[in-house]
Structure formats: C-alpha cells, structure tokens
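To start, the structure itself, in structure tokens.
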Amino acid sequence: MATLCSILLALFSATILLVATHVEARAFFVFGDSLVDSGNNNYLATTARADAPPYGIDYPTRRATGRFSNGLNIPDLISESIGGSESPLPYLSPALNGPRLLVGANFASAGVGILNDTGVQFVNIIRIGQQLQYFQQYQQRVSGLIGTENAQRLVNQALVLITLGGNDFVNNYYLVPFSARSRQFALPDYVPFLISEYSKILLRLYELGARRVLVTGTGPLGCVPAELAMRGRNGQCSTELQQAAALFNPQLTQMLLALNEQLGDNVFIAANTQLTHYDFISNPQAFGFVTSKVACCGQGPFNGLGLCTQLSNLCPNRDVYAFWDPFHPSERANRLIVQQIMTGSIEYMNPMNLSTILALDSRT
C-alpha cells in the first residue's frame with residue numbers, strides 16, 4: 001500500500017512539474033483567417049478547407065493538415081522563432097487538452113474577416129466574435145488545470161497574433177460587382193469603417209488579457225495570382241485592390257499606435273506585411289524566387305483560378321514560387337515574412353520587432 005501511495009505521489013509531482021514547465025514557456029495564441037488557420041476548418045462543414053493533397057506536400061508529415069500552405073504557415077514559424085515546443089493546435093482539435101493547452105491555441109478560421117458578413121459564401125466558419133468567445137472558454141479550461149491566477153498570468157504573458165482584413169475586401173467588398181458593402185460605402189469610407197470595427201475587436205482582446213499582440217496588415221491584395229487572373233490586365237496588379245490595401249494598411253498602423261497611447265503601453269505591434277510581400281513581388285529574383293505572379297498550385301492564367309486540388313498544375317520546386325496557391329504564400333515566402341516580423345526595421349514593425357519584444361519581456 002505504501003509503495004502504491006509513493007508511486008501515485010511521484011506521478012502527481014511529475015504532472016505538477018510538467019505543468020509548471022509549460023507555464024514557464026511563453027504561450028502563443030492565434031486569431032484570424034486562412035493565412036494563419038492551422039486546421040480549425042477541418043472540423044467544420046465548409047468549402048474553405050485545405051485538408052486534401054497537395055496541401056501539406058512539404059509539411060513534416062507530408063500530409064494536408066488544414067494549413068493553406070505547401071508546408072509550414074506563419075504561426076508555425078513564429079512558434080519556432082520564440083522557442084515554442086510545438087505550434088499551438090487548432091482550438092477545435094480533440095488533441096488540444098491537458099498540458100498541451102498550456103502551449104496556447106489557434107482559433108483562426110479560413111474565410112473570416114473583421115465584419116460578420118465577410119465570407120458568408122463559406123457558410124460555416126468561426127467568425128471573429130466566436131473566436132474571442134472560444135478564447136474565453138479556453139481560459140476557463142486552463143483555470144481548471146492550473147488555477148485562475150496562473151491562467152491569467154499565462155494569458156497576460158503570452159504572445160498573440162491576429163490577421164484580419166484581406167477577406168473584407170476579397171470576399172466581401174469586391175466579391176461580386178455592386179456588392180452590398182460597395183453599394184453602402186465608397187472605398188474611402190469603407191476602410192475607416194473597417195478600422196473602427198477592428199479597434200473594437202482589439203480592445204476586446206485586451207479586455208480578455210492579451211498584452212502583446214502582433215497585428216498583421218493585408219498583403220498587396222491586387223498582386224496575388226487570383227487577382228492577376230481575374231482582374232489584372234496583362235499581368236499587372238489589380239488597381240482597385242491595390243488601392244484598398246494602400247488605404248487600409250497605413251490607417252491600421254495609425255489606429256494601433258493610437259490604441260497603445262490610450263492604453264499607456266505598447267500592446268499592439270503593427271506588422272507591415274504589405275511591404276514585406278511587395279519586396280518579393282516587385283523583385284522576386286532578389287529573394288531567390290523564379291516568379292511572384294504564377295501560383296505553384298492552381299489552373300488557368302497564373303494558376304490563379306479555382307482551388308488547389310489533385311487535378312491542378314503543381315510546380316516541382318515550391319521554394320522558387322512566392323505563392324503556393326492563388327491566394328496564399330509558399331512556406332518559403334512565409335519564412336521571409338516571419339524573418340521581418342522578428343528583425344524588421346520600424347517601417348516593417350512599428351513600434352518594434354518581435355526580437356525586441358522578446359528581449360524586453362525577458363527582463364520583466
């Protein structure tokens with residue numbers, strides 16, 4: 001009997017030690033759309049899924065995971081960069097329980113936007129309000145595991161990534177000619193409306209305990225292979241969507257800096273992913289890409305039409321393509337984006353890059 005008690009005590013001590021170790025590592029939370037979805041949509045009845053080959057062709061398991069990438073996506077690479085033991089699992093994954101909860105969670109869902117009416121054609125997706133509700137639910141689950149005080153500390157000390165906005169143009173305002181939103185707003189009025197709605201989402205994240213939040217802008221929306229195929233002329237970027245990105249991104253940065261001033265701390269960090277993307281779109285060869293116009297996987301002009309499926313054209317070397325499919329960067333392009341997030345100058349990362357954040361936070 002004494003032996004059994006001592007074994008149980010040892011197991012209990014080991015579990016507490018494991019939990020404590022995980023709490024010491026920085027948790028990571030991800031919100032947003034398909035650029036950062038790691039597989040939540042696999043669990044939903046929706047067309048916005050990446051759970052079949054050739055997605056995942058370069059992922060370590062060589063299997064489609066729900067990431068809209070040939071391999072690793074931006075959250076995976078940020079996890080790597082901050083020394084995470086693993087990339088946070090999709091919140092809907094049954095494997096997300098016990099000590100794995102302490103790594104963080106990915107709440108992102110392909111197709112969503114800042115607005116609730118963005119992505120309605122995908123039907124069953126986790127809109128941003130629901131992602132935040134899941135974040136609350138997550139905190140209750142972690143409180144049950146390590147106590148309320150430790151759970152709050154874990155969230156306060158965590159790194160958060162949020163990526164929204166692109167779909168509000170591509171899958172809303174410009175989805176069809178004379179869309180409801182384009183009839184309601186001229187573009188110069190639509191952008192401030194989006195920014196105002198986004199600020200409410202970010203303040204809610206702050207209320208829920210987030211204290212270090214990387215907020216990515218949109219890429220150069222008009223230059224992705226899908227838009228070159230559908231709207232561009234002679235391989236030129238779509239003027240309308242480029243104008244949308246040019247209006248949205250600077251206003252997003254201004255809003256984030258204003259929120260920081262209001263909160264009295266550098267909570268929100270603007271990641272200028274439009275500029276990073278544009279670097280390799282305007283000069284792909286300088287970054288080792290053969291093309292930034294043609295997607296690796298797709299069909300039609302620029303491989304920009306339809307979905308990436310087993311029937312699509314597929315390039316043999318994904319590393320020399322800036323775009324994996326009609327909308328999403330390749331793993332190699334994602335690595336360049338994360339490199340700028342880590343070490344970029346103030347024009348890329350305002351008010352500071354992630355390396356600076358990690359150095360500052362390690363002193364507190």
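For GLY104, the amide hydrogen comes within under 5 Å of the amide hydrogens of PHE28, counting only partners 5 or more places away or on other chains and with H modelled in the peptide plane. Beta bridges from DSSP with both residues in the chain: antiparallel share about 25 percent, rounded to the nearest 5. When only Cα pairs below 8 angstrom with a gap of at least 6 residues are kept, the chain shows a relative contact order of 15 percent. Computed extension gain for GLN262 through ASN124, at 0.36 nm per residue and net of the alpha carbon distance, reaches 46.1 nm.
Between (1) 1.41; (2) 1.00; (3) 1.52, which matches Cα Rg over 2.2 N^0.38 Å calculated for the structure shown? Read-out from the structure maps to (2).
Assigning unit charges at the beta carbon (Lys, Arg +1; Asp, Glu -1) and nothing else, what dipole magnitude in debye, to the nearest 20, does region 30-149 show about its Cα centre? All intermediate terms of the calculation are to be shown ahead of the outcome.
Working: 7 positive and 9 negative charges, 52 e Å.
The calculation lands at about 240 debye.
Relative contact order for region 239-364: 21 percent, from Cα pairs under 8 Å spaced at least 6 residues apart, divided by residue count.
Note that region 166-176 has calculated 3J(HN,Hα) couplings of x, 5, 5, 9, 5, 10, 8, 4, 9, 4, 9 Hz, one per residue in order, obtained from phi through the Karplus relation 6.51 cos²θ - 1.76 cosθ + 1.60 (θ = phi - 60°); glycine and proline are x.
Restricting to Cα pairs below 8 Å that are 6+ residues apart, what does the relative contact order work out to for region 199-258? Please round to a whole percent. It would help to have the intermediate numbers written out before the result.
Details: 41 pairs, mean separation 18.8, N = 60.
About 31 percent, as a whole number.
For the chain, the Cβ-based charge dipole about the Cα centre amounts to some 380 debye (Lys, Arg positive; Asp, Glu negative; other atoms uncharged). With Cα atoms defining each centre, region 168-204 and region 105-163 are spaced 22 Å apart in the structure.
For the chain, the membrane-span-like helix rule (DSSP H, alpha carbon extent of at least 20 Å along the helix axis, mean Kyte-Doolittle at least 0.5) picks out 2-24; this says nothing about an actual membrane. What you get for region 153-260, charging only the Cβ of Lys and Arg (+1) and of Asp and Glu (-1), is a dipole of about 240 debye around the Cα centre.
Under 11 Å from the Cβ of ARG318, count the other residues' Cβ atoms, weight Lys and Arg +1, Asp and Glu -1, and hand me the total. Residues close to ARG318 contribute a combined charge of -3. The distance linking region 51-96 with region 328-364 is 19 Å (Cα centroid to Cα centroid, whole angstrom).
Laboratory data are not the source of any read-out in this text; all were calculated from the coordinates shown. All values reported here derive from a predicted model rather than from experimental measurement. Here the Cβ is made from the backbone with ideal geometry for all residues, glycine too, and neighbour counts use every protein chain on show.
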